[in-house]
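Student: Got a structure here, written out as structure tokens. Questions coming.
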Amino acid sequence: MTKIIAISGKGGTGKTMFSTLLVKALSKKTRNLLVIDADPDSNLPETLGIPVEKTIGDIREELKKLTSENKVPTGISKQEYLLGKIYEIIVESENFDLLVMGRPEGSGCYCSINNWLRQIIDGLAKAYDYVVIDTEAGLEHLSRRTTQNVDTMIVVTDASKRGLGTAKRIKKLAEDLDIKFKDIFVVANKVDDKTKDIVEKNAQELGLNVIAKLPYNKEISKYDMLGLPLFNIDEDNEVYRKVENIVNSLIL
Ligand SMILES: Nc1ncnc2c1ncn2[C@@H]1O[C@H](COP(=O)(O)OP(=O)(O)OP(=O)(O)O)[C@@H](O)[C@H]1O
Ligand SMILES: [Mg+2]
């Protein structure tokens, strides 16, 4: 059975950092891993060190253009056409496969294309043991239903009350939309000895379970400043080690 893990949370809390280290840790356990960058302001390919040329958004635009010009290839359904194109843009690396969603629908309704895409992606995910999705900041991924089949939702927060507020809203909106995660966990990031207790207390009040507290780490910051792929960070890194622990204890 495929296990789908999504990373969400308020903007700038460390979703992409966490996703990258999660992919690093998971890829040591399985080669059958699909990584999806679902943030329109995509930067996971850079932190993973895997260049990506084309996105799902590009394919959707191309199909829309072909449809309006009556140039859709005959003898093949639009779904088959889309699936073929998706296979073309998946980047296969040594450790995992990577798919980038790109920009969401622009003006005009692409509802049917989006629904097919969702079905195709869901179908595609079944071929993998694990799928990791890095989402955009906020709650939009839930209303767009890109995270509706997720097993484990990991919400990354900083020590701010607003970060935890987003975590709470993600939980509530999922319930309202009847989206059921098997697990929903909170990871507190960039916390120190003083703030970690406050986060814990606030989380408890909101009924959220904090599974890890990650410190601010200079090495992570250095990789970011130099534009180096965080995926290559040393395995002794204290934050990476904590992420590896989460993988071993809660994901595998
Ligand atoms: N534990 C950490 N130690 C040091 N720097 C960190 C840590 N976690 C994240 N950062 C830095 O904080 C910034 C934001 O992190 P990141 O891009 O992962 O956040 P995000 O939630 O994905 O942001 P966005 O909402 O824009 O997608 C980056 O510069 C990243 O390198
Ligand atoms: Mg991000």
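The values are calculated or read from the model by the stated rules, or taken from the named source; none is laboratory data. In this text, all values refer to a predicted model and were calculated from it rather than measured experimentally. Please note: Cβ atoms are built from the backbone with ideal geometry, for glycine as well, and neighbour counts cover all protein chains shown. Side chains are part of the model used for accessible areas, which takes the heavy atoms of the whole protein and leaves out ligands, DNA and RNA. Shrake-Rupley method; radii C 1.70, N 1.55, O 1.52, S 1.80 Å.
Student: What number of lysine-lysine pairs in the stretch 1-129 show an alpha-carbon separation below 23 angstrom, given a sequence spacing of 8 or more or placement on distinct chains?
Tutor: Within the stretch 1-129, the lysine pair count is 27.
Student: Let me ask something else. Along the Cα→Cβ direction, 7 angstrom out, place labels at residue 68 and residue 176. What is the inter-label distance in nm?
Tutor: It is 3.3 nm.
Student: Ok, one more. In what order, largest first, do 26, 228, 139 sit by accessible area if the probe radius is 1.4 Å? Mind showing how you got there, number by number?
Tutor: Values: 26 0, 228 80, 139 50 Å².
Sorted descending by solvent-accessible area, the residues read 228, 139, 26.
Student: Give the residue list of trypsin sites (Lys or Arg not before Pro) in the stretch 175-211 that are DSSP loop and have at most 12 other beta-carbon atoms within 10 angstrom.
Tutor: Of the trypsin sites (Lys or Arg not before Pro), the ones in loops of the stretch 175-211 whose Cβ has at most 12 other Cβ atoms within 10 Å are 180, 182.
Student: Between residue 28 and residue 196, what FRET efficiency follows from the Cβ-Cβ distance if R0 is 30 Å, with the result rounded to 0.05? List each step's numbers first, then the result.
Tutor: Details: r = 27 Å, r/R0 = 0.91.
Rounded to the nearest 0.05, the efficiency is 0.65.
Student: Do any GluC sites (Glu not before Pro) in the stretch 76-148 lie in a DSSP loop with no more than 11 other beta carbon atoms within 10 Å, and if so, which?
Tutor: On the way: sites: 80, 88, 92, 94, 105, 136, 140; in loops: 94, 105, 136.
The qualifying sites are 94.
Student: With a probe of 1.4 Å, find how much accessible area the stretch 90-219 has per residue, and write the answer as a whole number in Å². Don't skip to the answer; put the middle values down first.
Tutor: Working: 6380 Å² over 130 residues.
Result: 49 Å² per residue.
Student: From the C-alpha coordinates alone, can you work out the Kirkwood hydrodynamic radius of the chain, in Å?
Tutor: Working: mean 1/r = 0.0532 Å⁻¹.
Value: 18.8 Å, from the Cα pair sum.
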